[in-house]
Amino acid sequence: IIFCKTRSLLRKIVKAVYKILDKLQLTLAKSKTYIGRVAKGHDFLGYRIGEGSPDTITISKTTVQRFYQRLQRLYEQ
């Protein structure tokens, strides 16, 4: 995950990352690459990053939903 304040800085960083990956003969999965505003937030590894404030990290809604589903399955058994 890369966070930047300006779009121009992000473009420079993305170009540098692509150069490094090309040297290593690696590619990024387009379906897993996301560029968006931090204020909208982003789910990553079970956490919600940057919703409301860039410094905010909370547990994502999908993680909580999965937890309750697993808990219900255990209770049913």
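General remarks:
- Number of residues in region 35-52 that are open to solvent by 70 Å² or more (accessible area, probe 1.4 Å), modelled with pLDDT under 80 and closer than 13 Å to Ile2 by Cβ equals 1.
- Breaking point among (1) at pLDDT 85 or above; (2) polar (S, T, N, Q); (3) open to solvent by 100 Å² or more (accessible area, probe 1.4 Å), for Ser31: (1)
- Residues that are open to solvent by 100 Å² or more (accessible area, probe 1.4 Å) and under 23 Å from Thr6 (Cβ atoms), drawn from region 53-68: Asp55, Ile57
- Filter result for the condition that a residue is more than 14 Å from the chain's Cα centre (by Cα) and under 29 Å from Thr63 (Cβ atoms), over Leu21, Leu10: Leu10
- Residues of region 7-27 that turn out to be open to solvent by less than 70 Å² (accessible area, probe 1.4 Å) and modelled with pLDDT under 85, as a count: 0
- The single condition among (1) surrounded by 10 or more Cβ atoms within 10 Å (Cβ to Cβ); (2) out of contact with any strand residue (DSSP E or B) (no Cβ under 9 Å at 6 or more places or on another chain); (3) modelled with pLDDT under 85; (4) not β-branched (Val, Ile, Thr) that Leu71 does not meet is (3).
The values are calculated or read from the model by the stated rules, or taken from the named source; none is laboratory data. This structure is a prediction, so every number in the text was calculated from the model and none was measured. Don't worry about glycine lacking a Cβ; one is built from the backbone with ideal geometry, like all the others, and counts go over all protein chains shown. The accessibility values were calculated without ligands, DNA or RNA, using every heavy atom of the protein model including side chains. Shrake-Rupley method; radii C 1.70, N 1.55, O 1.52, S 1.80 Å.
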